[in-house]
Amino acid sequence: MKPFSSCVCTYPPAWLVLALNTALMPSDARAQEPPPDAPTPELSRAVPPPEAPPAPEPELTGRIERIDIEGNERTQEVVILRALRTQPGELLTAGATEELKRRLLNLKLFEHVEVRTRQEGDGVALRIKVEERWTLLPIPMFTSSNGQWQAGLFLLESNVFGLHKLFVLGAMAGNRGGNVFSLYKDPGIRGSRWTGTLFGQYAKLDRERRVRDIVVDEYTDRRLDVSGVLGHQLTPELNVGAGLFGIFNRPLRASEDEPAPERSHAQGVSAVAEYLGQDFHFFFNEGLFARLNLRQGFDLGSGSRDYRQATLTAAYTHALFGNHALTLSGTLEYVDGDSTLDAVLLGQRTGTRGFTLATLWAEQAAIATLEYQVPLWSPSLATFTAHAFVDAGHVEWRNTVTRYVAPGAGLRMYLRSVAVPALGLDVTRAPQTRELVVSFAAGLSM
């Protein structure tokens, strides 16, 4: 990131020119009114008085007679109408246009939304004008921390067929191995309240558990993880669902001295509940987010292992001073299975940024973060922000307990056309070694 630089303008601004012309005019000329037949001075003709800004159009209320939509070159009208949650025949009340604008911006498909009203017969007509964002994006990704690095590329489309469906295909590789994965999310199957999610990932990665930067457990993890969830949108904010999952592990030795876990697999059912009560504000989302994920494996014969997993994640963000963000987030993790293969891998994520990526293993964990973020600079294409945070946690693995509090600070760059940070830098004090841990990431990793 380049340092900020200042610029010196080579011309005075218009308001300064007018002030100097007035100040340098003789005092009697300022006080004396010219005769009616006197010619108009050149300066008066060159600098007309500023025009008053146009008055805002009044917001009308009444029965909605029609809804007109403009600017949606890729997004289908049914997506916009479904997000508005209103239709002709309903009553438009005072202040409703701001709420309709908020609902459309929360789709994260539009850079700008305009909602206006006009008289239509005995009622009103709604005029919706949107400016679409780029939704088909190739996103490079890079992460580096404590000698571990990964690089990859993701293809992300958040508006498949113009129906607000999400598809992600990506691959990562680095000095600890790599993985490929795919994700598909349908927020409304055939325009209904039924939702669907499909996920698949294959990974071959070297896993290490570290204590004070000393590797105490390691193996090479080869796994295939697939899942599918059918959900139902109970309210605009709350979605619940159930599905099936399968995890297939074929681990390898990391060295001759370290035995690998046995080959095994786990299959079963899953349940998901997600509450998304946040408003989109470009570089932060204001409000409450919560997600509960449960998995229960079944004994399906040879090679099958007992498996139970529960994850609860929640975050609340409050806007301060208009564009500052104060966020409190937390995660509870519980897993009952193979203590190595099924361990929750923490490190270099919110709540555990003082640990190297995937080196803090847990069977039970409670982690929390308090973070304050402020914008520094907003040119036309991006916004640069700074944040300070404190991560804290209680982590258990094989009757070993790790407790920590780790303060830190960082920088982010958010591209206006992409709803994820483009660049990120975090500096944290490692809880165990007290050394500074510097992490850099680009793309979806932040």
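Read the figures in this text as sums done on the coordinates, not as results from a lab. Not measured: the values here are computed from a predicted model. Cβ sites come from the backbone with ideal geometry, for glycine too, and all protein chains shown count toward neighbours.
Classify the stretch 173-227: rounded, prolate or oblate, from the alpha-carbon gyration tensor (a ≥ b ≥ c, eigenvalue square roots; a/c under 1.5 rounded; otherwise prolate if a/b is larger than b/c)? Prolate is the answer for the stretch 173-227, as a/c is 1.5 or above and a/b outweighs b/c.
Remark: the Glu59-Glu286 segment gains 79.1 nm on full extension, using 0.36 nm per residue and subtracting the alpha carbon distance.
How large is the translational diffusion coefficient of the stretch 302-446 in µm² per second when you combine the Kirkwood radius over alpha carbon pairs with Stokes-Einstein at 4 °C and 1.567 mPa s?
Taking Rh from Cα pairs, D becomes 79 µm²/s.
When only alpha carbons are used to place a centre, the stretch 161-214 and the stretch 219-278 end up 11 Å from one another. For the stretch 71-199, take every pair of Cα atoms, bin their distances at 10 Å starting from 0, and report each bin as a whole percent. In whole percents, the pair-distance histogram is 11, 32, 27, 17, 9, 4, 1.
List the relative contact order of the chain as a percent without decimals, with contacts defined as Cα pairs under 8 Å and 6+ residues apart.
9 percent
Strictly greater than 25 Å: what percent of every Cα pair in the stretch 283-381 meets that?
38 percent
Across the chain, the convex hull enclosing all Cα atoms gives 202 Å³ per residue. In the stretch 142-299, Rg over Rh equals 1.03, where Rg is the alpha-carbon radius of gyration and Rh the Kirkwood radius from pairwise Cα distances.
Computing Rg and the Kirkwood Rh from the Cα coordinates of the stretch 363-446 gives a ratio, Rg/Rh, of 1.07.
For a paramagnetic label modelled on Ala319 (point 7 Å from Cα along Cα→Cβ), amide N atoms under 13 Å away are absent within the stretch 116-142.
With contacts defined as alpha carbon pairs under 8 Å and 6 or more residues apart, what's the relative contact order of the stretch 190-346 in percent?
Answer for the stretch 190-346 is 15 percent.
Amide H to amide H, with H built 1.01 Å from N, Gly188 comes under 5 Å of Gly196, counting only residues 5 or more places away or on other chains.
Dividing the helix sum by the residues of the chain, where each DSSP H run of 4 or more adds -39500 (n - 2.57), gives a mean residue ellipticity at 222 nm of -2500 deg cm²/dmol.
In this calculation the C-beta distance from Arg127 to Leu312 is compared with R0 = 51 Å, giving a FRET efficiency of 0.75.
Just subtract the alpha-carbon distance of Val215 and Leu81 from 0.36 nm times their residue separation and send over the number in nm, one decimal. Don't jump to the answer; show the numbers that get you there.
Numbers: separation 134, 0.36 × 134 = 48.24 nm, distance 5.50 nm.
Residue separation times 0.36 nm, minus the Cα-Cα distance, leaves 42.7 nm.
For Lys165, the lysines whose Cα falls under 26 Å of its own Cα, not counting residues fewer than eight places away in the same chain, are Lys101, Lys108, Lys129, Lys185.
Just subtract the alpha-carbon distance of Asp336 and Val240 from 0.36 nm times their residue separation and send over the number in nm, one decimal.
Contour length minus the Cα-Cα distance gives 32.2 nm.
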